[in-house]
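See structure below.
The values are calculated or read from the model by the stated rules, or taken from the named source; none is laboratory data. All of these numbers come straight from a predicted model, not from anything done at the bench. Ideal geometry is used to build each Cβ from the backbone, glycine not excepted, and the neighbour counts take in all protein chains shown.
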Amino acid sequence: MSMEYINNFTYTVFNKLYSSQNSTGNLAFSGLNLYIFLASINVGLRGTSYSQISNLLGEDFSELYDNDYWRGTQTAKKWNKLKSLAAITSNMRSALFSSCNIDIHFRRMSDFIFGLSLENEKMTAPKHLIYQINKWLLMRIFASTDGIFKKSNTNFYDKSLLTEDKLIFINFFLLTSDWKENFDYRLTEPYMFTDDKGNLILVKMMNQKRYLRVFDSSDHDFRIIFKEYYQGYIYSAIILPRYGQSIQNVLLNFNLNEILNYYEKSRIEYTHLMLPKFKIFDKINLEETLKQLGITDIFTQGLADFGKMTNQTVFVGNLIQVARLIIIDSNEMEPEMTKARVDESLSEPYRFFVDSPFLYFVFSRLSNTVPITAVVTNPNDN
């Protein structure tokens, strides 16, 4: 496993997800979280079920079973490190909802190494299951889930589809705009934004004039502005296609492993940044995308082999990632970070006006990883 491999994994899955929604609309995804999430599932698998995920991740987990001191193995250490990165950048939480008996060794590993919460629930009681999932989210995220799991829009809560041998895996991440210099809410104003369908819509546009890192090369069909989070080595990379270029065109040739290179080649400019406020609440069912990548057995009754997790015959009914991105000005965030004010005494700034569809990535400079990728085509669409 390398950070380059994880970035490639993120790029592949993100593009497939965006294509699956006809390359339109908003999308938020964490490839790093899914990578860790799949690893936590894989340590409970045997046979081809295990091989399919191991091949996709490029990882082997046999050391965790062949060593009595598994907590001190290199495998445990490197996955703990990845879990810490995911926690810092996205408040990652994961859970397995099932009614089966869980092997004690799997229970210890999944918690210590991957942070997987094991929730024992009766799988044939839809209303109770919905309540428990929402309760789990509320207790661990400290923010309203807005009833994100509802019987009306969640097919797997159809009673006819629920059986005791099904497993429900849920991965959650939360990203807020905790920058070192947040936008001052007093400078936010209505502004026109052109969505991916060419429609003009009125959005709440945040304004800021500050020295920021800008990557602007005529060799590329996009520009990037890097805005630092309070951690100091985490940045939001706001990627704006050039006029006449689409999100699809940019994604086609974008290399996540070059993000550090773009950062190092960026220049510090006194910049007028205009960025629309936006919130994305996503619930992504990953089954079809993972099947396209060769992971099929765990979703198939009779083929799934969870023999290292339980002595019961089970399979995955749902594997879901829930995302919440909240990018807003400082008046709505607690605790409040340093506000950045417009300084009109300096010369004409470099203009970076985000008034058309854009990419919003979270980038770790220390590890050269992109834990979170998002596309925003309509800031008003929650």
Kindly indicate whether any position in the stretch 45-55 is out of contact with any strand residue (DSSP E or B) (no Cβ under 7 Å at 6 or more places or on another chain), over 16 Å from PHE361 (Cα atoms) and outside any helix (DSSP H, G or I). yes
Filtered residues of the stretch 259-268 (kept if more than 17 Å from ILE372 (Cβ to Cβ) and either in a helix (DSSP H, G or I) or not charged (D, E, K, R) (or both)): ASN261, GLU264, LYS265, SER266, ILE268
All conditions in (1) in contact (Cβ under 8 Å) with a residue 24 or more places away in the chain; (2) within 17 Å of the chain's Cα centre (by Cα); (3) closer than 30 Å to SER356 by Cα are true of SER19 except (1)
Grab the strands (runs of 3 or more DSSP E) fully contained in the stretch 170-253, keeping just those with 1 or more residues being of a type outside the set (Asp, Glu), at pLDDT 95 or above and over 21 Å from the mean Cα position of the chain (by Cα). 189-194, 200-216, 222-228, 234-241
Of everything in the stretch 56-70 that's without any contact (Cβ under 8 Å) to a residue 40 or more places away in the chain and part of a loop (DSSP other than H, G, I, E, B), which residue is surrounded by the most Cβ atoms within 10 Å (Cβ to Cβ)? PHE61
Six or more apart or on different chains, Cβ atoms under 7 Å: show the pairs whose first residue is in the stretch 71-98 and in a helix (DSSP H, G or I) and whose second is of a type in the set (D, E, K, R). THR75/GLU63
Being buried (at least 21 other Cβ atoms within 10 Å of the Cβ) and in contact with a strand residue (DSSP E or B) (Cβ under 8 Å, 6 or more places away or on another chain) is the filter here, so list the residues in the stretch 1-16 that pass it. ILE6, ASN7, THR10, VAL13, PHE14
Scanning the stretch 99-124 for residues that are outside any loop (DSSP other than H, G, I, E, B) and modelled with pLDDT under 90, which turns out farthest from SER177 (Cα to Cα)? ASN120
Would you kindly identify the strands (runs of 3 or more DSSP E) lying entirely within the stretch 312-357 that contain at least 2 residues that are in contact with a strand residue (DSSP E or B) (Cβ under 8 Å, 6 or more places away or on another chain), surrounded by fewer than 19 Cβ atoms within 10 Å (Cβ to Cβ) and modelled with pLDDT under 90? 338-340
Can you name the number of the only condition in (1) surrounded by fewer than 17 Cβ atoms within 10 Å (Cβ to Cβ); (2) at pLDDT 90 or above; (3) within 23 Å of THR310 (Cα to Cα) that SER84 fails? (3)
Step by step: first the residues of the stretch 358-377, then only those that are in contact with a helix residue (DSSP H, G or I) (Cβ under 6 Å, 6 or more places away or on another chain) and assigned to a loop (DSSP other than H, G, I, E, B), then the one that is nearest to GLU269 (Cα to Cα). Which residue is that? ASN368
Residue, nearest to the chain's Cα centre (by Cα), within the stretch 22-49, restricted to residues that are of a type in the set (Ser, Thr, Tyr), more than 19 Å from ASP111 (Cα to Cα) and surrounded by 17 or more Cβ atoms within 10 Å (Cβ to Cβ): SER30
Applying the selection to the stretch 21-38, what residues are touching a Ser or Thr at 6+ places or on another chain (Cβ under 9 Å) and in a helix (DSSP H, G or I)? GLY31, LEU32, ASN33, LEU34, TYR35, ILE36, PHE37
